[in-house]
Amino acid sequence: MSGARRGRPAVPPAVIMLGVVGVAFFVLPFVGLIARAPIGSIPDMARDETVRTALALSLVTSLVTTVLAIVIGVPLAWMLARSDLPGRRFVRVLCTLSMVLPPVVAGVALFLALGRRGVIGEPLDDAFGLTLPFTTAAVVVAQLFVAMPFLVLTVDAALRALDPAAEEAARTLGASEWYVFRRVTAPSIRPALVSGIVLTWARALGEFGATITFAGSLPGVTRTVPLATYLALENDPGQAVLLSLVLVAVSFAVLFGLRERWVGAAFGVRP
């Protein structure tokens, strides 16, 4: 028995068998997807203007969403982790609630808040003629609402787990809070920050429910790859399978690249 295995407790055979069943449950759907994929149709799909437009729209909106998530989410996580904000645990839960909400519910909530007759949307429409639903901006808003919690959660947890000794030393030497964050804090939480950014982008890229509810499915305007995949199921199932494989490949690459690091950053510390 090797040294690596000597310290591990034995796993009962029954547990291994059930574990294999669990693995099969997750693997078989992807096996079916790959087995039914019309690989020979890939060149045709690549030339399809509808698919190319959907891919371009998904890339642009998901990247814009990720940039906005960094601009808003990192300061939000910093505030939650380091401020004495009253009820910050409640605020932390509220800020990450959309992460576990059914996406359609998130879309309905956005529509009732920012729609033409929404709590905020109606005053915006009356005062500035600004209408968000069924626009490309609505896609970004929907993606941001459901994806930014990944960044907030990971950065917040990393900041709370960070030893403040180096930051205190920098402040003692006269460094400003912004300088301390930029030169000491941010490099120390870089793995969590990068993980949160990548996960936010991947979640935005795959967003469906909130997008179709709040932004609709207008070709070239709001029809992203997940929406195009759903619509292709009726008219071109083969294309739907290939688009699904694209999203699966991207998601798998992201999660495989990050491995367990983001899990530890998000859930490895006490609230």
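The values are calculated or read from the model by the stated rules, or taken from the named source; none is laboratory data. Keep in mind that what you see is a predicted model, and the values were worked out from it rather than measured. Glycine also receives a Cβ, built like all others from the backbone with ideal geometry; neighbour counts cover every protein chain displayed.
Tell me, yes or no, whether the stretch 54-72 has at least one residue that is assigned to a helix (DSSP H, G or I), within 15 Å of D236 (Cβ to Cβ) and either in contact (Cβ under 8 Å) with a residue 40 or more places away in the chain or not small (G, A, S) (or both). Walk me through how you get there before you give the answer.
If we filter the stretch 54-72 for residues that are assigned to a helix (DSSP H, G or I), which is where we start, we get 54-72.
Filter once more, so that each one left must be within 15 Å of D236 (Cβ to Cβ): 54.
Filter again for either in contact (Cβ under 8 Å) with a residue 40 or more places away in the chain or not small (G, A, S) (or both), leaving 54.
Among the residues of the stretch 54-72, at least one is assigned to a helix (DSSP H, G or I), within 15 Å of D236 (Cβ to Cβ) and either in contact (Cβ under 8 Å) with a residue 40 or more places away in the chain or not small (G, A, S) (or both), which makes the answer yes.
If you check A37, A77, A81, which single one turns out to be touching a Gly at 6+ places or on another chain (Cβ under 9 Å), closer than 25 Å to L159 by Cα and not charged (D, E, K, R)?
Result of the check over A37, A77, A81: A77.
Looking for something under 20 Å from L97 (Cα atoms) and in contact (Cβ under 8 Å) with a residue 12 or more places away in the chain - is there at least one such residue anywhere in the stretch 129-139?
The initial filter retains those residues of the stretch 129-139 that are under 20 Å from L97 (Cα atoms), namely 138-139.
Filter again for in contact (Cβ under 8 Å) with a residue 12 or more places away in the chain, leaving 138-139.
There is at least one residue in the stretch 129-139 that is under 20 Å from L97 (Cα atoms) and in contact (Cβ under 8 Å) with a residue 12 or more places away in the chain.
Of V67, V21, V60, V11, which residue is exposed (fewer than 10 other Cβ atoms within 10 Å of the Cβ), among the aliphatic types (A, V, I, L, M) and modelled with pLDDT of 90 or more?
Matching residue, one of V67, V21, V60, V11: V21.
Which of the residues spanning the stretch 170-212 are β-branched (V, I, T) and not in a loop (DSSP other than H, G, I, E, B)? Walk me through how you get there before you give the answer.
Of the residues in the stretch 170-212, the ones β-branched (V, I, T) are 172, 180, 184-185, 189, 194, 197-198, 200, 211-212.
Passing the criteria: T172, V180, V184, T185, V194, I197, V198, T200, T211, I212.
Out of (1) closer than 27 Å to L199 by Cα; (2) surrounded by 11 or more Cβ atoms within 10 Å (Cβ to Cβ), the odd one out for D44 is which?
D44 satisfies all of (1) closer than 27 Å to L199 by Cα; (2) surrounded by 11 or more Cβ atoms within 10 Å (Cβ to Cβ) except (1).
Among all residue pairs at least 6 apart or on different chains, which show Cβ distances below 6 Å where the first residue, located in the stretch 218-247, is under 15 Å from T61 (Cα atoms) and in contact (Cβ under 8 Å) with a residue 12 or more places away in the chain and the second is assigned to a loop (DSSP other than H, G, I, E, B) and among the aromatic types (F, W, Y)?
P226/F208
Between residues in the stretch 106-127 that are charged (D, E, K, R) and residues that are modelled with pLDDT of 90 or more, which pairs lie under 7 Å by C-beta distance while being six or more apart or on different chains?
Hits for this filter: R116/P133.
Going residue by residue through the stretch 91-103, is there one that turns out to be loosely packed, with under 13 Cβ neighbours inside 10 Å, outside any helix (DSSP H, G or I) and not basic (K, R)?
Scanning the stretch 91-103 turns up at least one residue that is loosely packed, with under 13 Cβ neighbours inside 10 Å, outside any helix (DSSP H, G or I) and not basic (K, R).
Within the stretch 40-66, track down each residue that is in contact with a Gly (Cβ under 8 Å, 6 or more places away or on another chain) and more than 23 Å from T211 (Cα to Cα).
Answer for the stretch 40-66, where residues must be in contact with a Gly (Cβ under 8 Å, 6 or more places away or on another chain) and more than 23 Å from T211 (Cα to Cα): just S41.
Restrict the check to the stretch 3-22 and report whether at least one residue is in contact (Cβ under 8 Å) with a residue 12 or more places away in the chain and either hydrophobic (A, V, I, L, M, F, W, C) or closer than 29 Å to A240 by Cα (or both).
Checking the stretch 3-22: not a single residue is in contact (Cβ under 8 Å) with a residue 12 or more places away in the chain and either hydrophobic (A, V, I, L, M, F, W, C) or closer than 29 Å to A240 by Cα (or both).
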